[in-house]
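Quick notes on the structure that follows.
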Amino acid sequence: MKEISTPSRTKEILQKYDFFFKKSFGQNFLIDTNILENIVGYADFTDETCAIEIGPGIGALTEQLAKRAKKVLAFEIDNRLIPILQDTLSPYSNITIVNEDVLKADVQKEIDTHLPNEKDIMVVANLPYYVTTPIIMKLLTEGLPIRGIVCMLQKEVADRISAKPGTKDYGSLSIAIQFYTHASTVMTVPRTVFMPQPNVDSAVIKLVKRETPAAQVENEEFFFEVVRASFAQRRKTINNNLLHNLPSLKKNKELLEKCFQQSNIEGTRRGETLSIEEFGTLSNVLYAHLF
Ligand code: SAM
């Protein structure tokens, strides 16, 4: 039998089940086996690696994962796809499909049930583009026992996630993700390898979880508040942005100036020039004065 990801087999499956794509679920299926193999390659599997997939669709990536991973756990929101997956993935015995919205699912509980005592778990996915950031943030902030994430998403979002300080794409999203992971864009992907073709370009990113966050912060929530406030208006200095967008500061100019001095950071700089460590230092000094 041909692989699910070949264009002819994909068409055959869609016809057999009279399947129509739901835009609201971000359904763009991959029809290029080489690209799928490359994606899986970036996850650095060993014989002991298990995979979690978000959105298996008709199983194109799931099949490639099942061939290389010890076990695969996949979350699919669309119940129309469940009988299709049972059919297309029937040759593989190491796959569990959970019919749930991953954003609402208790992922830790599913790991405990289906991947108990597993030591090496990677998330590998071609994400639904309408919810890429919430899904990635959920996976990174719930303290799940995963080594990292390799996923396809919009190229523009990939560029922002892996951007370094001093570049135009660097902002609060870069910091939110790089706080927890080492992030890199590993591959760009043309529209032509999807069915239907999306109207944006795509890229694959690799996120490897850090052992400890990129900065030691007193209070994570406040750190991210400082970061977001610093980027509220990109053309403005951090002095201006924090004065107007950090409510707990209560527009206290003198205190802010003192905090810049203590952190050894010029208030005339723009947010995009600060490293994660510098944001950590600044937020810790502010936190000590404000709370
Ligand atoms: N993995 C398949 C592939 O590469 O061909 C399909 C990828 S498609 C871009 C995204 C998949 O995610 C679809 O199957 C869609 O139904 C599913 N999906 C969308 N939102 C979801 C959610 N919140 N939770 C779980 N699955 C979701």
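Collect residues whose amide H, placed 1.01 Å from N in the peptide plane, falls under 5 Å from the amide H of Arg210; neighbours closer than 5 in sequence don't count.
Thr181, His182
Tell me, what is the per residue accessible area of the stretch 56-138 in Å², probe radius 1.4 Å? Can you show the working numbers first?
Details: 3300 Å² over 83 residues.
With all protein chains present, the stretch 56-138 gives 40 Å² per residue.
Taking every Cα atom in the stretch 66-113, find the radius of gyration and the maximum pairwise distance Dmax, and write them in Å.
Just the Cα atoms of the stretch 66-113 yield Rg and Dmax of 11.1, 29 Å.
Computing the accessible area with a 1.4 Å probe over protein heavy atoms, can you report the carbon and sulfur percentage for the stretch 223-276? Walk me through the numbers before you get to the answer.
Numbers: 1340 of 3060 Å².
Within the stretch 223-276, the accessible surface is 44 percent carbon and sulfur.
Pulled fully out, how much extra length does the chain show between Thr185 and Lys23, if you take 0.36 nm times their separation in residues and subtract their Cα-Cα distance? Intermediate values should be presented prior to the final figure.
Details: separation 162, 0.36 × 162 = 58.32 nm, distance 2.55 nm.
My answer for the length gained is 55.8 nm.
Which whole-number percent is the relative contact order of the chain (Cα, under 8 Å, 6+ apart)? Can you show the working numbers first?
On the way: 501 pairs, mean separation 42.5, N = 291.
Relative contact order for the chain comes out at 15 percent.
Counting only protein heavy atoms and a 1.4 Å probe, tell me what percentage of the stretch 1-152's accessible area is made up of carbon and sulfur.
Carbon plus sulfur share of accessible area: 50 percent.
Which Rg and Dmax, in Å, describe the Cα atoms of the chain?
Gyration radius and largest Cα-Cα distance of the chain: 21.5, 72 Å.
Under 23 Å Cα to Cα from Lys250, which lysines show up? Leave out anything in the same chain fewer than 8 places away.
Leaving aside lysines fewer than 8 places away in the same chain, those within reach of Lys250 are Lys236, Lys258.
Taking the Cα-to-Cβ direction at Lys2 and at Phe291 and moving 7 Å from each Cα, how far apart do the two end points lie in nm?
5.7
Multiplying the sequence separation of Asn38 and Gln108 by 0.36 nm and subtracting their Cα-Cα distance, what value in nm do you get?
Once the chain is fully extended between Asn38 and Gln108, it gains 22.4 nm.
Taking the DSSP beta bridges in the chain as the whole, what percent of them are antiparallel, to the nearest 5?
50
Residue-wise, which Karplus ³J(HN,Hα) couplings in Hz belong to the stretch 85-91, taking 6.51 cos²θ - 1.76 cosθ + 1.60, θ = phi - 60°, and x for glycine or proline?
Each residue of the stretch 85-91 in turn: 5, 4, 6, 5, 9, 4, x Hz.
Are there trypsin sites (Lys or Arg not before Pro) in the stretch 73-142 that DSSP marks as loop and that have at most 15 other Cβ atoms within 10 Å, and which are they? Walk me through the intermediate numbers first.
Values: sites: Arg80, Lys104, Lys109, Lys119, Lys138; in loops: Arg80, Lys104, Lys119.
Listed in order of number, the matching sites are Arg80, Lys104, Lys119.
Size of the dipole of the chain about the Cα centre, Lys and Arg at +1 and Asp and Glu at -1 on the beta carbon, nothing else charged, in debye to 20? Mind dumping the intermediate values first?
Numbers: 34 positive and 36 negative charges, 185 e Å.
The calculated dipole for the chain is roughly 880 debye.
What's the extension gain from Arg269 to Val208 if we count 0.36 nm per residue and subtract their Cα-Cα distance?
Working it through step by step, the gained length comes to 19.0 nm.
Which whole-number percent is the relative contact order of the stretch 1-125 (Cα, under 8 Å, 6+ apart)?
Relative contact order of the stretch 1-125: 28 percent.
So for the stretch 145-262, what are the equivalent ellipsoid semi-axes in whole Å, largest first, each being the square root of 5 times an eigenvalue of the Cα gyration tensor?
33, 18, 10
Run through the stretch 182-291 and list the GluC sites (Glu not before Pro) located in a DSSP loop whose Cβ has at most 11 other Cβ atoms within 10 Å.
Filter output for the stretch 182-291: Glu211.
Considering only the other residues whose Cβ falls under 9 Å of the Cβ of Gln64, what net charge follows from Lys and Arg at +1 and Asp and Glu at -1?
Overall, the nearby charge balance is -1.
With Cβ to Cβ distances under 14 Å as the rule, what net charge do the other residues near His182 carry (K, R +1; D, E -1)?
+3
The values are calculated or read from the model by the stated rules, or taken from the named source; none is laboratory data. Remember, it's a predicted structure, so these values are computed and weren't measured experimentally. As a convention, Cβ positions derive from the backbone with ideal geometry for all residues, glycine included, and neighbour counts pool all protein chains shown. What goes into the accessible areas is simple: the full protein's heavy atoms, side chains included, and nothing from ligands, DNA or RNA. Shrake-Rupley method; radii C 1.70, N 1.55, O 1.52, S 1.80 Å.
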